[in-house]
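This report concerns only the one structure given below.
The values are calculated or read from the model by the stated rules, or taken from the named source; none is laboratory data. Quantities reported herein were computed from a predicted structural model and do not represent experimental measurements. Cβ sites come from the backbone with ideal geometry, for glycine too, and all protein chains shown count toward neighbours. These area figures cover heavy atoms from the full protein model, side chains too; ligands, DNA and RNA do not enter into them. Shrake-Rupley method; radii C 1.70, N 1.55, O 1.52, S 1.80 Å.
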Amino acid sequence: VRVADGPGGPRILVDGKPVPPRMFFGYESPGRIVAGAEWSEQSFEFVPPADVPGNGTLHFRFGQLPGDVWLSNVRVNDLEGRDLLPPGSFASEKAFAEVWNVYPPDERNTVGKVEVENVELGQTEPGKPNAFLPALHASLRNPSSGAWPDFHLHSRLLLKLRSGESYRVSFRVKASP
């Protein structure tokens, strides 16, 4: 990667080819969430340090361990309860495709596969049949090359957030191992 003079001013070259200039600003909110073998409700609140004018995304990163992760009922709300992402985005393949991207999207993804499935919750009330929950199932395996890509999900829909306002992310999760 290098910067070279070009028509109209300097430009970025990658392997000798010009690429569009861009900048990424990201920050981790509360850190890591550990998922166990049983479903758990998880949530965190955050306050953006700067306005996000319609280009914010939510990412789920899974670490570099083989196993399975199930996610359900992902919500992003302002503190007045308005949804910033449509609820139910992990409830069907169509809803998932409208709201989420898998990265890397191509042959660089050597570790992860995702699919929407109905997961048994077990009996939630005595005398009632077992309950099921639509969930996104991410299956992770060791890469054959030994090098893990940055496998993750990120929202396709772009979020607009205001500096100094509080937002809440909530979801259900379980994992194995």
Of all residues in region 107-119, which are assigned to a strand (DSSP E or B) and either at pLDDT 95 or above or open to solvent by less than 90 Å² (accessible area, probe 1.4 Å) (or both)? Gly112, Lys113, Val114, Glu115, Val116, Glu117, Val119
So how many residues does region 54-69 have that are at pLDDT below 95 and either of a type in the set (Gly, Ala, Ser) or under 26 Å from Ala131 (Cα atoms) (or both)? 4
Determine whether Phe90 is part of a strand (DSSP E or B), modelled with pLDDT under 95 and under 20 Å from Val34 (Cβ atoms). no
Pick from Ser163, Ser155, Ser139: which is among the small types (Gly, Ala, Ser) and over 22 Å from Pro53 (Cβ atoms)? Ser139
With the condition being loosely packed, with under 15 Cβ neighbours inside 10 Å and over 15 Å from the mean Cα position of the chain (by Cα), I'd like the strands (runs of 3 or more DSSP E) fully within region 123-177 carrying at least 1 qualifying residues. 131-140, 159-161, 167-176
Under 8 Å by Cβ, and 6 or more places apart or on different chains, what pairs join a residue from region 140-159 that is over 25 Å from Leu84 (Cα atoms) and touching a residue at least 60 places away in the same chain (Cβ under 8 Å) with one that is part of a loop (DSSP other than H, G, I, E, B) and open to solvent by 60 Å² or more (accessible area, probe 1.4 Å)? Leu140/Leu65; Trp148/Gln64
Just a yes or no: is a residue in region 64-73 farther than 17 Å from Ser155 by Cα, among the small types (Gly, Ala, Ser) and open to solvent by 50 Å² or more (accessible area, probe 1.4 Å)? no
Pairs please, first residue from region 44-70 and among the polar types (S, T, N, Q), second anywhere and part of a strand (DSSP E or B), Cβ atoms under 6 Å, 6+ apart in sequence or on different chains. Thr57/His154; Thr57/Ser155
